[in-house]
Each structure stands twice: as structure tokens, then as C-alpha cells.
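Heads up, the thing below is written out as C-alpha cells.
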Amino acid sequence: MNVSKALAIGASALVLGGEFVPIFDPTILDEIITYIDVNTDKVYTNFSSSADQTIKLLYGDKKMNVYSCYYTVTDLSSGNVLKNGRISKPTVSVIKNRCIFSLSIPFKDNLTNEGFLITIKISNGTIVGFNETFTLYPATYGFYTYSSSNPTYSHSGRFLSIVSSTVYLDEEFDFTNTVSEISNKSEGRLNLEELYFDFKSKVPFTYSGAKLTIQDTNNVFKNLPHDRFNFVTIGLAANVDGAKVSFTLSEQLYVNLENNQMSTYMSVGSTLASDIYIPIGYESVLEQEKIYLNFDEMGSNKDALSLRLNFKYRSAYVGNCYFSDICIVGGILE
């Protein structure tokens with residue numbers, strides 16, 4: 001940037017060496033707006049009426065401190081403007097060499113489910129580097145029950161992230177390709193690979209717990225703990241690969257491969273399980289039971305999820321003698 005560009009944002013002219021030099025060069029406008037590059041220092045979430053929230057905006061570097069930040073906060077439940085402020089001087093991060101505006105959002109005793117409408121503008125005179133309006137809401141802790149007629153649901157404003165001057169607020173859960181009927185894979189193991197959904201957001205997927213809950217009125221899983229309603233609960237871990245969220249066993253369980261009975265303890269003939277096994281001879285019984293995939297505090301809205309599943313047993317054509325139509329013993333086809 002030449003001397004006139006560096007010295008003169010906001011003034012109209014400058015005399016250098018007796019020569020009249022126009023200060024504002026329109027060709028630098030795009031450069032300035034691009035260079036400002038506004039970002040939040042983290043993803044902001046868990047908005048509530050229990051505490052105010054300070055949001056930090058990082059942009060440019062110390063040479064950009066001629067900018068001011070204007071922001072308004074409107075309580076949408078009452079229409080009251082709670083903040084109408086201007087920050088004329090940013091702080092400068094020595095470590096990141098960035099300008100920082102810290103905005104105080106008065107959530108405490110004010111935030112309701114109607115949310116806050118927030119406008120943020122960073123500008124120098126008529127040069128506006130950032131100007132965005134959006135709404136933030138508290139986490140409402142909803143409960144979502146999957147159905148094929150309602151395969152997706154979404155939220156906006158339960159989190160805030162600004163990256164490269166783009167405001168990100170939205171998250172979507174897409175169960176369009178999620179099965180409602182889970183089957184088995186080789187050797188009588190429940191096929192968890194069939195269970196997955198897509199999470200679409202610019203922030204990472206979060207949850208506090210996931211589990212497979214199986215109604216066991218016929219004592220299929222006789223060595224696993226049952227609650228008073230005859231439900232067995234097995235812990236799962238969510239694994240994220242891009243947008244895809246899938247599941248693996250997270251609980252330490254053991255299995256006796258002679259009968260596929262699982263237990264929470266090691267015993268003679270048992271080994272550590274990496275899958276959920278279906279006890280041999282109980283496949284048709286399990287088909288009659290109810291199975292649920294349950295999530296706790298899923299996503300930025302901390303929702304609960306319940307997905308109803310049915311088990312469908314599918315025998316293999318070739319393989320182990322119990323699980324297959326054609327089996328192999330000692331290398332001889334039977």
C-alpha cells in the first residue's frame with residue numbers, strides 16, 4: 001500500500017512535498033474489506049439467561065485499528081433495545097497480531113425462547129468491512145422422535161461462529177438414509193454399520209451420551225443388567241467422518257462365542273467384545289422386541305433423540321455351520 005493509502009483512511013486530502021494528493025483511492029476498497037477478515041475466537045454456544053456473553057471479534061491486524069464497531073441487541077420478546085453501542089478503539093493481540101472487539105451481550109435475566117436480534121457493523125467512515133444481522137436463541141432441550149415422514153430437523157442460532165467474515169448459525173440432522181430395520185452381520189453380530197445419519201454444520205458434532213436400548217421381555221440377553229421394565233441398555237460411541245455420524249460399541253462387554261451370550265464381566269470361555277452379539281437361538285425372539293437408538297444432549301440445542309428400530313435376522317449363504325445355509329468344516333463343504 002503506498003503512503004497516501006497507508007496514512008489516509010477517513011480524510012479527504014493530504015499535502016506531501018507541496019503536492020496535493022487525494023487520500024481515498026477507490027481501488028483499495030475491495031482490498032480493505034477483504035483484508036478485514038472478521039472471525040470469532042471460538043464457537044459460542046450454550047446461550048442462557050443465567051449469564052451475559054462476551055463475544056470477541058478478531059480482524060485485520062494492528063494497522064486496521066482505525067475501524068470502529070457498532071452493535072445493537074434487541075430483545076425479541078419485548079422489542080426493547082438492550083444495547084446500542086459503539087466501540088471506537090479495539091484492543092490488539094500481541095500473540096495473534098489481530099485487532100479485537102469485545103462485545104458484551106446482556107443475556108442475564110433477559111434471554112427468552114424468542115431470542116435476541118443482533119446487528120454488528122465494523123466500519124471506518126463510509127467504508128464498511130462487516131455488517132451482519134442475526135438471531136441467537138437459548139438451548140431449548142427438545143426431544144426428537146424419528147419418523148420416515150419427518151427425516152430431518154434443524155436449528156439456527158443455538159451457536160455462533162464467524163469465519164472469514166461469514167456468520168454460521170445453522171445445524172441440520174438428516175436421517176433420510178437411516179434404517180428403521182437393523183440386521184445382523186457375520187457370526188451373529190448386530191450390524192451397527194447400518195446405523196448412521198448426516199450432521200450438517202460448520203461446528204463439530206457434540207453429544208453427552210448414546211445408547212442402544214433393547215426391550216428384553218424374553219430374557220434374550222440373560223447375563224446383561226435389566227431395568228425394572230426389562231430393558232437392556234448398551235453404551236455406544238458416535239464416530240464422525242465428514243458429515244456422517246456412525247456408531248461403535250463403547251461399553252466394556254464380554255462374549256462367550258460358544259453361545260454369543262454377552263456379560264459385563266469376564267468368565268471362563270469369554271472374550272472382550274468389539275460388537276453387540278445376538279445370542280444363538282434367540283434371533284427370532286429378538287425380532288419381536290423393541291429396539292431404540294437414543295442420544296442425550298445432541299448438537300448445540302442439546303436435544304434428545306429417539307430412533308425406533310426393528311431387528312431382522314438374515315442368515316448367511318456360506319459360512320459358520322449355525323449361521324449359514326452352507327457351512328464349512330475342516331475345508332469340506334457340507
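The values are calculated or read from the model by the stated rules, or taken from the named source; none is laboratory data. Keep in mind that this is a model prediction, so the values were computed, not measured. All Cβ positions, glycine included, derive from the backbone under ideal geometry; neighbour counts span all protein chains shown. Side chains included, ligands, DNA and RNA excluded: accessible areas come from the protein's heavy atoms. Shrake-Rupley method; radii C 1.70, N 1.55, O 1.52, S 1.80 Å.
Note on residue 272 and residue 306: their simple-model spin labels are 3.4 nm apart, each label 7 Å out from Cα toward Cβ. For the stretch 219-318, the list of GluC sites (Glu not before Pro) that fall in a loop by DSSP and count at most 14 other C-beta atoms within 10 angstrom reads 258, 287. A probe of 1.4 angstrom, applied to the heavy atoms of all protein chains, finds residue 102 with accessible area near 60 square angstrom. Here the spin labels are modelled as points 7 Å beyond Cα on the Cα-Cβ line, and at residue 88 and residue 181 they lie 7.1 nm apart. The calculated Kirkwood hydrodynamic radius for the stretch 110-219 is 17.9 Å, given to one decimal from all distinct C-alpha pairs. The trypsin sites (Lys or Arg not before Pro) of the stretch 102-168 that DSSP puts in a loop, and whose beta carbon has at most 13 other beta carbons within 10 Å, are 108. Convex hull volume of the C-alpha atoms in the stretch 175-280, normalised per residue: 120 Å³. One Cα centroid belongs to the stretch 230-250, the other to the stretch 117-147; the line between them spans 32 Å.
Placing a label point 7 Å from the Cα of residue 132 along the Cα-to-Cβ direction, none of the residues of the stretch 287-307 has a backbone N under 17 Å of that point. Rounded to the nearest 20 debye, the dipole magnitude of the stretch 32-146 is 500 debye, with +1 charges on Lys and Arg beta carbons, -1 on Asp and Glu beta carbons, and the Cα centre as origin.
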